[in-house]
Each structure stands twice: as C-alpha cells, then as structure tokens.
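Below is one structure, written out as structure tokens; comments come after it.
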Amino acid sequence: MTKQANTNGPVIDVIRNRWSPRSYSSRQITPADMNTILEAASWAPSASNEQPWEYYYAFNGTEGFQKLHDGLVPFNQTWAKNAAVLVAAVARKNFAANGNSNNWAQHDLGMANATLFLQASAMDIHAHGMGGFDSHIISLALDLGEDKELVCMIALGYLDEADKLAEPYRTRELAPRERKPLADFAKQI
Ligand SMILES: Cc1cc2nc3c(=O)[nH]c(=O)nc-3n(C[C@H](O)[C@H](O)[C@H](O)COP(=O)(O)O)c2cc1C
C-alpha cells in the first residue's frame, strides 16, 4: 500500500510516495542499504557545510535497538518495536571551527533527515519520525555531551499490512494523507 500524496502540481514521485507508516514487516534492512540511506543524508546542504548531524542507529534484535526503544514513549514503543532499524538523530550545537553556537544546527539536521527519508522511500524503505521519546533516557544511553542535542528519533523498515495493527494505529494507517492548502503557507509578496 502506498499512500500517495494527492498533489495539485507535478511533484516528483519520490516526494509523493513518501509517508510515515506504523506497520513494519520482519524483513531486515541490509547494512549496505543502511549505509546508502545514511550517505544520502550527508549530501544535504548545511550552514558553512558544517554537517552538524550525527546518527546513532541499531538493527532490530540488538542491544542498541533495545536501548533506543526503551527511550520511546509507550505510544511509539508499541509499533516501533517492529521497525528494522531505530535511529537517534542528533544535532551538534556548536561550530567545530570556533565553538560558536550554530543557530542552524536543528534546521540542517532536519534537511539531512528529509534527505534520508526520501532516499529510504526511493528504496521502498519507510521512515517514520518520532518526537515522542524521553530525551534524558536516550541521551544518557548514548552518552551525549552538553554540546549535542537529540532532536528526533526515526524508525525505518519495510511495510506490512495495516490489519496487523491494533487501534488506534490501524485507522491512522489507512487514513488519507492531508496537507494545508498552498495559500495557507506560501505568500507571494
Ligand atoms: C519531528 C517529527 C516528530 C514526529 N513524532 C511522531 C511521534 O512521536 N509518533 C508518531 O506516531 N508519529 C510522529 N511523527 C509522524 C507525523 O505524525 C507524520 O509525519 C505526519 O502526520 C504526516 O504524515 P506523513 O509523514 O505520512 O505524510 C513525527 C514526525 C516528525 C517529522
């Protein structure tokens, strides 16, 4: 099932086809494919080419996966336990060259995340971002210093049937994707 975006203009397919599922199959992501997805993220633009992103990832069935899963809120733990890979997306808050605060670190991590999501989607691998996690638990498990910020968690995997999910997940899985109209967020000036 692809929940293709119902676009008005000729938006490219990789964007139309990306969506955030919660039903993941037991098919694993190969390390080579995972490297490709992560490499794609690295080609995102960033302020001063600082590349202020760091990704900590773990394959399902490993201790690392359990660590990341333990830090998710219960709502996310329920479905994300079946993801093939869990990823912690971290921003380095200061510029490496001079230690000054990088005001674009979160922005640039978001750019890298979007690139990662689209690369995964083009490979039939679905990414699902999560803000529902305990930052303290995961930051401690990853031994993140003061200069690093855990911004979001990402589940990755191959799609499975919506019927595998309990409610309310199943209904959400089947709901059409919706967006605000262009006029609500883009103003020609
Ligand atoms: C930063 C971020 C945080 C999110 N947090 C959660 C979350 O904690 N749990 C969840 O199930 N979905 C979460 N989502 C997924 C969004 O709900 C989803 O992207 C949005 O509804 C649009 O749907 P689509 O990605 O299928 O187009 C998050 C997405 C992002 C980018």
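Here the alpha carbons of the chain define both size measures, Rg and Dmax, at 17.2, 53 Å. Give me D for region 105-189 in µm² s⁻¹, whole number, from Stokes-Einstein with Rh from the Kirkwood sum over alpha-carbon pairs, 4 °C and 1.567 mPa s. Taking Rh from Cα pairs, D becomes 81 µm²/s. Cβ crowding within 10 Å, taken as a proxy for footprinting-reagent exposure, orders 178, 161 from fewest neighbours to most as 178, 161. Taking the number of Cβ atoms within 10 Å of each Cβ as an exposure proxy, the fewest-first ranking of 24, 169 is 169, 24. A cut-off of 5 Å between modelled amide H atoms, ignoring neighbours fewer than 5 places along the same chain, links residue 102 with 94, 95. Across 52, 21, 31, mean-square fluctuation computed from a Gaussian network of the chain (C-alpha pairs under 10 Å connected) peaks at 31. The HN-Hα couplings worked out from phi for region 5-14 by the Karplus form 6.51 cos²θ - 1.76 cosθ + 1.60 (θ = phi - 60°) are 5, 8, 8, 8, x, x, 5, 5, 4, 4 Hz, whole numbers, x standing for Gly and Pro.
Residue-wise HN-Hα couplings along region 29-44, as the Karplus relation 6.51 cos²θ - 1.76 cosθ + 1.60 with θ = phi - 60° gives them from phi, are 8, 6, x, 5, 5, 5, 4, 4, 5, 6, 4, 4, 4, 5, 8, 5 Hz; Gly and Pro carry x.
Among the listed pairs 3/93; 3/81; 3/148; 67/164, those with a Cα-Cα distance over 30 Å are 3/93; 3/148.
Between the listed residues 4, 98, 14, the Cα displaced farthest toward the positive end of the dipole of the chain, a dipole computed from Cβ unit charges relative to the Cα centre, is found at 4. With loop membership from DSSP and a limit of 15 other Cβ atoms within 10 Å, the longest segment of the chain without trypsin sites (Lys or Arg not before Pro) is 82-176. Taking amide H positions as modeled 1.01 Å from N, with prolines and chain starts lacking one, the residues under 5 Å from residue 24 and 5 or more places away or on another chain are 160.
A cut-off under 12 angstrom between Cβ atoms defines the neighbours of residue 5, and their net charge, with Lys, Arg +1 and Asp, Glu -1, is +3.
Values quoted throughout were computed directly from the atomic coordinates according to the rules given, and no laboratory measurement underlies them. Predicted model only: the values in this text are computed from it and were never measured. Using ideal geometry, Cβ is built from the backbone for each residue, glycine included, and neighbour counts are taken over all protein chains shown.
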